[in-house]
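Have a look at the structure below before the remarks.
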Amino acid sequence: KMQSTAPEAIDFDQESEATKKLYGIDEDRTEDFGKKCLLARRLVERGTPFIQIYSGGAHNDDNWDAHGNLENNHNKHAGNTDKPIAGLLKDLKQRGLLDETLVVWGGEFGRTSFSQGKLTPEGFGRDHHPGAYSIWMAGGGVNGGQVIGATDELGLYATENRAHVHDIHASILHLLGLDRLELSYNHQ
């Protein structure tokens, strides 16, 4: 069924120029991620229950994995994604879909608060760091406008209102109407 309806879902010709502009499809820098976000909205409208939008991939500066030249890397990727994700949230809200659509933005880890390796003319990088990282959620019943957690003065470890990844998963499951305890199985 998905394959038979996919051609219609990916046909952006039905979208207004204002909508394409909202997602940044009219700009080289944001076009790729903007199309992914617009497709996500179109899939939400068609009842697709789970959608993943991926930013990055490949290797080195083609993804967020900034072991070197962190400032340029993050400016590039944040610049490619900022307008499209804002457009998605605004468009979902305008269409009355944000209240029933949970949007989770995050990665699999944070970055150390200190430089990695030698300082080069291009700038320094930072290594993987699971001790402190940020995610955000919008829509889907999330109480907006709150910040949960804080780090120490170096940004090295979460110290205040810490949320373990299990707590984040439990919150997401709760917002999806699932009881995490019904999905837990003791073993050994």
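The values are calculated or read from the model by the stated rules, or taken from the named source; none is laboratory data. Values in this document were obtained by computation on a predicted structure and should not be read as measured data. A quick note on method: Cβ atoms are made from the backbone with ideal geometry, for glycine too, and the neighbour counts reach across all protein chains shown. Keep in mind that these areas ignore ligands, DNA and RNA; they rest on the heavy atoms of the full protein, side chains included. Shrake-Rupley method; radii C 1.70, N 1.55, O 1.52, S 1.80 Å.
A few points about this structure:
- The residue pairs whose first member lies in the stretch 163-188 and is closer than 22 Å to PRO49 by Cα and at pLDDT 90 or above, whose second member is among the β-branched types (Val, Ile, Thr) and not in a helix (DSSP H, G or I), and whose beta carbons are closer than 7 Å, counting only pairs six or more residues apart or on different chains, are ILE168/ILE135; ILE172/VAL104; LEU175/VAL142.
- Hey, GLY106 open to solvent by less than 80 Å² (accessible area, probe 1.4 Å) and over 25 Å from HIS164 (Cα atoms) or not: no
- In the stretch 30-41, the residues that are touching a helix residue (DSSP H, G or I) at 6+ places or on another chain (Cβ under 6 Å) and over 22 Å from LEU175 (Cβ atoms): THR30, PHE33, GLY34
- Single unsatisfied condition, ASP127 versus (1) among the acidic types (Asp, Glu); (2) in contact with a His (Cβ under 7 Å, 6 or more places away or on another chain); (3) open to solvent by less than 50 Å² (accessible area, probe 1.4 Å): (3)
- Any hit, the stretch 97-105, residues being out of contact with any helix residue (DSSP H, G or I) (no Cβ under 8 Å at 6 or more places or on another chain) and either among the β-branched types (Val, Ile, Thr) or without any contact (Cβ under 8 Å) to a residue 40 or more places away in the chain (or both): no
- Total residues in the stretch 18-62, condition open to solvent by 80 Å² or more (accessible area, probe 1.4 Å) and under 15 Å from ASP82 (Cα atoms): 7
- Selection within the stretch 8-66 - closer than 30 Å to TYR133 by Cα, in a loop (DSSP other than H, G, I, E, B) and aliphatic (A, V, I, L, M): ILE25, ILE51, ILE53, ALA58, ALA66
- Every residue from the stretch 14-69 that is small (Gly, Ala, Ser), touching a Gly at 6+ places or on another chain (Cβ under 7 Å) and farther than 24 Å from ARG95 by Cα: ALA66, GLY68
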